[in-house]
Amino acid sequence: MPDLSALNTRFGIPGRVIFSEGPGGLATVEVNDPCAHALLALQGAHLLDWTPAGAEPVIWLSPAAKFARGKAIRGGTPICWPWFGPHPTETTYPAHGFARTACWEVLSVECPADGGTRLEFRLIPEESVHRWWPHATRLEFHILVGSELQLTLLTKNIGTAPVAVGQALHTYFAVSDVCKVRLVGLEGLSYLDKVHGGSVKLQHGPVTFHEEIDRIYRDSVQDCIIVDPGLKRRLRIAKTGSRSTVVWNPWIQKSAKMDDFVESGYLGMVCVETANAADDIVTIEPGAEHRLGVVYSVEPFA
Ligand code: TA6
């Protein structure tokens, strides 16, 4: 557990940015920006909540999520890095990499003059992950909390050889009823259908949800919008540094096998992930950096 009183002294802003002990004894930082509320766990620099003022929560967190050291949290925005899904060659390596369960440190907290509350985190380099990732990289996560939410995952190659990185901001969005929402912005794109052996398919019209879905959309650079008639809102997802979008809902059978989903929990969520996955892995040259960025905003239902 980091020293919470030292964090509050150095980075806290009374009433606005507060470090405290959260569920499972994990250190959390709560942000009460005038335009939104946010909550993050320092483990994984894991966003747990973003609720713009006067709006319903945008981020879904499973009511059965487990909070424990070194365990992935179901919901929020897990940071998948430096690979997405299973490791490309090593089956024993952790799924989605190790950043989501690692300890992160706070680099800075500030309130920019043009609004919002900005926090920057850095993955603490640990000897123990060297066996999985022997490369010299620096990973930062920047978040600007306001009426919009800006997330940036910044990988710097500080070594002497190129590194290949797969990654995702694996956000779980809260929806009124996944059967009634539609996801627009992926029409006409091809995708890898992981539910059906990775076969390549073409998206016709908006994505709708009536069964398990686990897809990697390719050449996806346009905004995606979750249109939610039940909550009378459209969630816009505008990204940079990413050509792949992952869409996931485990549906009935798969979620029933997970101990961190409640019954019917899958109906209230959908993952729309800003990614570098499949053939969109990024190679970062020595001294260079890659920024994976996304902005979430809530628009009225039209
Ligand atoms: O992003 C979709 C996915 O890779 C699915 O295949 C899926 O099982 C999921 O992420 C959740 O992974 P996790 O390791 O958090 O259980």
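The values are calculated or read from the model by the stated rules, or taken from the named source; none is laboratory data. Here the structure is a predicted model, which is why all the values come from computation and not from measurement. Quick reminder, even Gly has a Cβ in these numbers, built from the backbone with ideal geometry, and neighbours come from all protein chains shown. Please note that ligands, DNA and RNA were not included when accessible areas were found on the heavy atoms of the full protein model with its side chains. Shrake-Rupley method; radii C 1.70, N 1.55, O 1.52, S 1.80 Å.
Worth pointing out:
- The set of residues in the stretch 258-302 that are farther than 30 Å from LYS232 by Cβ and in a strand (DSSP E or B) comprises ASN276, VAL282, THR283, ILE284, GLU289, HIS290, ARG291, LEU292.
- The one condition in (1) farther than 20 Å from ILE18 by Cα; (2) over 13 Å from the mean Cα position of the chain (by Cα); (3) not in a loop (DSSP other than H, G, I, E, B) that GLU120 fails to fulfil: (1)
- Residues of the stretch 189-206 satisfying the condition of being loosely packed, with under 11 Cβ neighbours inside 10 Å and either hydroxyl-bearing (Ser, Thr, Tyr) or touching a residue at least 24 places away in the same chain (Cβ under 8 Å) (or both): SER199
Let's see how each residue does on (1) away from the ligand (no atom under 12 Å from the Cβ); (2) of a type outside the set (Gly, Ala, Ser); (3) under 14 Å from LEU153 (Cα atoms):
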| position | (1), (2), (3) |
| --- | --- |
| ALA65 | no, no, no |
| ALA72 | no, no, no |
| GLY75 | no, no, no |
| PRO78 | no, yes, yes |
| THR91 | yes, yes, no |
| THR101 | no, yes, no |
| SER108 | yes, no, no |
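- When LYS257, LYS232, LYS239 are screened for being within 11 Å of the ligand (Cβ to nearest atom), open to solvent by 10 Å² or more (accessible area, probe 1.4 Å) and either touching a residue at least 12 places away in the same chain (Cβ under 8 Å) or out of contact with any helix residue (DSSP H, G or I) (no Cβ under 7 Å at 6 or more places or on another chain) (or both), only LYS257 passes.
- Matching residues, the stretch 3-15, being open to solvent by 60 Å² or more (accessible area, probe 1.4 Å) and assigned to a loop (DSSP other than H, G, I, E, B): ASP3, PRO14
- Condition met for GLU127 (charged (D, E, K, R) and open to solvent by less than 30 Å² (accessible area, probe 1.4 Å)): no
- Members of the stretch 67-81 that are within 13 Å of PHE98 (Cβ to Cβ), touching a residue at least 60 places away in the same chain (Cβ under 8 Å) and open to solvent by 10 Å² or more (accessible area, probe 1.4 Å): none
- Hey, LEU154 closer than 19 Å to HIS96 by Cβ, in contact with an Asp or Glu (Cβ under 6 Å, 6 or more places away or on another chain) and either touching a residue at least 12 places away in the same chain (Cβ under 8 Å) or assigned to a strand (DSSP E or B) (or both) or not: yes
- Of all residues in the stretch 100-126 being of a type in the set (A, V, I, L, M), in contact (Cβ under 8 Å) with a residue 60 or more places away in the chain and in contact with a Leu (Cβ under 6 Å, 6 or more places away or on another chain), the one that is farthest from PRO78 (Cα to Cα): VAL109
- Hey, LEU186 in a loop (DSSP other than H, G, I, E, B), surrounded by 15 or more Cβ atoms within 10 Å (Cβ to Cβ) and in contact with a Cys (Cβ under 7 Å, 6 or more places away or on another chain) or not: yes
- Condition broken by PRO250, with the remaining ones in (1) surrounded by 20 or more Cβ atoms within 10 Å (Cβ to Cβ); (2) of a type outside the set (A, V, I, L, M, F, W, C); (3) in contact with a Phe, Trp or Tyr (Cβ under 6 Å, 6 or more places away or on another chain) satisfied: (1)
- Scan of the stretch 191-211 for residues that are assigned to a strand (DSSP E or B), within 23 Å of the chain's Cα centre (by Cα) and within 24 Å of LYS180 (Cβ to Cβ), ordered by number: TYR191, ASP193, VAL207, THR208
- Within the stretch 162-183, the set of residues being open to solvent by 50 Å² or more (accessible area, probe 1.4 Å), assigned to a strand (DSSP E or B) and either within 28 Å of TRP133 (Cα to Cα) or without any contact (Cβ under 8 Å) to a residue 24 or more places away in the chain (or both) comprises just one member, ALA164.
- Taken over the stretch 245-257, the residue count meeting the criterion of being part of a helix (DSSP H, G or I) and hydroxyl-bearing (Ser, Thr, Tyr) is 1.
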